[in-house]
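Below is one structure, written out as structure tokens; comments come after it.
Computed from the coordinates by the stated procedures, all read-outs in this text should not be read as laboratory data. Computed from a predicted model, the values in this text were never measured in an experiment. Every residue, glycine among them, receives a Cβ derived from its backbone with ideal geometry; neighbour counts consider all protein chains shown.
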Amino acid sequence: MIRFDDVVKRFGDVVVLDELNFSVAPGEFVTLIGPSGSGKTTILRLLMTLEKVTSGQIFVDGECLSHMQRGSRLVPADEKYQRKVRQRIGMVFQQFNLFPNMKVLQNLTEAPIRSLGLSRAEAEERALELLELVGLTEKVNAHPSQLSGGQQQRVAIARALAMRPDMLLLDEVTSALDPELVAGVLALLKDIASSTDITFLCVTHEMNFARDVSDRVLMFDHGQIVEDAVPDKLFSEPDHERTRTFLRAVLERG
Amino acid sequence: MFDNIGLFVETISKGLLLTVEATLGGIVIATILSFVFGLAMLSRLRLVRAIARIYVEFWRGTSEVVQLLWIYFALPVLIGYQIMPLVAGIVVLGLNFGAYGAEIVRGAVQSVPKAQYEGCIALNLTPAQRMRRVILPQSLVEMVPPFNNLFIQLLKGSALLTMITVHEMTYQAREVLITRHVSQAATIWTIVLLFYLVLAILITFGMRLLELWAGRLVGRKPPQRGLLSALRSRRGRAAAITDAAVAGIGHTSDRSGGDR
């Protein structure tokens, strides 16, 4: 489903990702953990085409994200090509990024109508189903600014699902939430992960959640994968000292 | 000394309609140009940006008076066709203030957080949909206060039209009244000032309504302490006046404290 081939990402002189190679199978739930600045979020942003790779290539179902075939040559992807490739990818952001100029319903119907070409009736029907799934049916006509952080994030999850993505990128989706709202959002995500065959790529500091839902956990440090293992192995008996010190630090913090 | 006030007011009022026409015409053209060139300055295409930049620098960087004289006196010589004074005046006001307005639009659009663009990309909206449906509506609320300033300046700038014989308020005072009642110049000019003041207050009132609307568009609550909300809640006149005095402060904090 996803494949990173020797991906390098630099911001100026800072190497964020250093010849990274990994792949994710369809339907897999893969969690990325590691200290800040280790490149986890950059991986999601590259997949969402919010950033460009410095070198190397990323493939989504065999199609390259950054380049396209023109004749026999590979040229940088244009807007139209990128829109086709990223149509299958959805993303949920740390700060929700809901559109404040639209009510909850419009937030959920805007892109399906304009980008997928659904009729208004179809889009609204689906939006209401999704609001029911995330438990916010009564907020259908609310403005995002009238919702709590947890509610906003639920709407953002519903909004991403409304695009029927094959792949969902979760970028520290509970980091901006009040502690008591975190559990609800995580339970919702777990529910979605177990009831759909969406492929998940998740950056989080919630280790219990990662252990609970992941098929695989990747431990990052300095733009490299330090360890790649099933959660039980990685959390209970990691092979690497770096993983151990990281986990200890995170768990001590609370 | 005050015997002729009735006559003065009446004579100046005869110029009121032309002042209002010139101002409204100028506002319409300036607003359209502001959006066209403000967005053009943000284009991905270098040529489009360059054209917009040239427009802004030229009309902002040359004298309004000379622009007016040029269009009215020089252009007809070049094209062999005399433009109506009012039309020439409206065109110059629009072009000149549109250049300032373009910078307002550009700045307001750029003030929308990057996260909103990223949200649009994640939902696969096209650049045009992104701008029209998400970014522009959110930037409106930032544009209204500076446009308020701009429109008031435009109103006052309309007095320059007296130089190309548009019979607006200033013309009426200078060419009709002063020539006959030169000893009462102070009274005459004071009345003219008050006319402009009232028009400026009307513009501000309209723009405050627009700001409330634009604020509601992005889910902001109307300011609690403002002249309008005071009037709406039918509190006493005294309360309204006190509130008007602090409106400036309250206004700023409302804008920076918005939830986005």
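Short version: ³J(HN,Hα) in whole Hz for each residue of region B:24-31, in order, from phi by Karplus 6.51 cos²θ - 1.76 cosθ + 1.60 (θ = phi - 60°), x for Gly and Pro, what are they?
Computed from phi, the couplings for region B:24-31 are 5, x, x, 5, 4, 5, 4, 5 Hz.
Using only the alpha carbon atoms of region B:1-148, find the Kirkwood hydrodynamic radius as the inverse mean reciprocal pair distance, in angstroms to one decimal. Display every interim value, and only then the final one.
Values: mean 1/r = 0.0563 Å⁻¹.
Taking every pair of different Cα atoms in region B:1-148, averaging 1/r and inverting gives 17.8 Å.
Hydropathy at least -1.0 by Kyte-Doolittle, axial extent at least 15 angstrom from the Cα trace: which helices of chain A, defined as entire DSSP H runs, fit?
Helices passing the filter in chain A: A:120-133, A:149-162, A:179-195, A:241-253.
Can you pick out the pairs among A:K103/A:K190; A:K40/A:K84; A:K80/B:K114; A:K52/A:K103; B:K156/B:K221 whose Cα atoms lie more than 28 Å from each other?
On the way: A:K103/A:K190 26 Å; A:K40/A:K84 24 Å; A:K80/B:K114 21 Å; A:K52/A:K103 32 Å; B:K156/B:K221 32 Å.
In this structure, A:K52/A:K103; B:K156/B:K221 exceed 28 Å between Cα atoms.
If you find the alpha carbon centre of region B:37-97 and of region A:133-153, how far apart are they in angstrom?
48 Å
Determine, from the Cβ-Cβ distance of A:D232 and B:I32 and an R0 of 60 Å, the FRET efficiency 1/(1 + (r/R0)^6), rounded to the nearest 0.05. All intermediate terms of the calculation are to be shown ahead of the outcome.
Details: r = 64 Å, r/R0 = 1.07.
The computed FRET efficiency comes out at 0.40.
What is the Å³ per residue value for the convex hull set by the Cα atoms of region A:191-254? Write down the numbers at each step before the final one.
Working: hull volume 5.9 nm³, N = 64.
With only Cα atoms used, region A:191-254 gives 92 Å³ per residue.
Over the whole of A:86-95, what's the average partner chain Cβ count within 10 Å per residue? Rounded to a whole number, please. Show your work: numbers first, answer last.
Details: counts 4, 2, 1, 2, 3, 5, 1, 4, 1, 5.
Mean number of neighbouring Cβ atoms from other chains: 3.
In whole Å and largest first, what semi-axes does the C-alpha gyration tensor of region A:99-164 yield when each eigenvalue is scaled by 5 and square-rooted?
Numbers: eigenvalues 64, 27, 20 Å².
Result for region A:99-164: semi-axes of 18, 12, 10 Å.
Tell me the mean residue ellipticity at 222 nm calculated for chain A from its helices only (DSSP H runs of n ≥ 4, each -39500 (n - 2.57), averaged over every residue, nearest 500). Present the calculation step by step, with values, prior to reporting the outcome.
Numbers: 9 runs with 95 residues, N = 254.
Result for chain A: -11000 deg cm²/dmol, rounded to the nearest 500.
Could you let me know the centre-to-centre spacing of region A:223-254 and region B:158-215, using Cα atoms, in angstrom?
74 Å
What does the charge count near B:E175 come to, summing +1 for each Lys or Arg and -1 for each Asp or Glu among other residues with Cβ under 15 Å from its Cβ?
Details: positive: B:K14, B:R174, B:R180; negative: B:E168.
Here the charged neighbours net out to +2.
Give the calculated FRET efficiency between A:Q69 and A:D6 to the nearest 0.05, with a Förster radius of 30 Å applied to their Cβ-Cβ distance.
On the way: r = 19 Å, r/R0 = 0.65.
It comes out at approximately 0.95.
Using a/c under 1.5 as the rounded threshold, could you call chain A rounded, prolate or oblate? The axes a ≥ b ≥ c are square roots of the C-alpha gyration tensor eigenvalues, and prolate needs a/b larger than b/c, oblate otherwise.
Details: a/c = 1.95, a/b = 1.16, b/c = 1.68.
Oblate, since a/c reaches 1.5 and b/c is not below a/b.
On a full-extension model of 0.36 nm per residue, what is the gain between B:L47 and B:T126, subtracting their alpha-carbon distance, rounded to one decimal in nm? Kindly include the intermediate steps, with their values, before the conclusion.
Details: separation 79, 0.36 × 79 = 28.44 nm, distance 2.13 nm.
This chain segment gains 26.3 nm when fully extended.
Report the local net charge at A:M167: Lys and Arg +1, Asp and Glu -1, summed over other residues whose C-beta lies under 12 Å from its C-beta.
Details: positive: A:R86, A:R88, A:R164; negative: A:E28, A:D61, A:D166, A:D197.
Charge balance in the 12 Å sphere: -1.
Return the distance in nm (one decimal) between the two label points of a simple spin-label model at B:L75 and A:A249, each offset 7 Å from Cα along Cα→Cβ.
6.7 nm
Does region A:1-149 come out rounded, prolate or oblate, given a ≥ b ≥ c as the square roots of the eigenvalues of its C-alpha gyration tensor, rounded meaning a/c under 1.5 and, failing that, prolate meaning a/b above b/c?
Values: a/c = 2.31, a/b = 1.63, b/c = 1.42.
Since a/c reaches 1.5 and a/b is larger than b/c, the shape of region A:1-149 is classed as prolate.
Among residues other than A:F11 whose Cβ falls under 12 Å from its Cβ, what is the net charge (Lys/Arg +1, Asp/Glu -1)?
Around A:F11, the charge tally is +2.
In peptide B:207-219, what is the residue-averaged number of other protein chain Cβ atoms found within 10 Å of each Cβ? Please list the in-between numbers first.
Working: counts 0, 0, 0, 0, 0, 0, 0, 1, 0, 2, 4, 7, 12.
Going residue by residue through B:207-219 and averaging, the value is 2.
Where does each of A:S214, B:S158 land when they are ranked from fewest to most other beta-carbon atoms within 10 angstrom? Intermediate results must be reported in sequence, preceding the final value.
On the way: A:S214 24, B:S158 27.
Taking fewest neighbouring Cβ atoms as first place, the list is A:S214, B:S158.
Specify which residue in the list A:A162, A:L133, A:A121 is farthest towards the positive end of the charge dipole of region A:99-164, using unit charges on the beta carbon of Lys, Arg (+1) and Asp, Glu (-1), about the Cα centre.
Result: A:A162, furthest along the dipole toward the positive end.
What number results when the radius of gyration of the protein assembly as shown, computed over Cα atoms, is divided by 2.2 N^0.38 Å? Working shown, then result.
Details: Rg = 30.1 Å, N = 514, 2.2 N^0.38 = 23.6 Å.
Cα-based Rg divided by the globular estimate yields 1.28.
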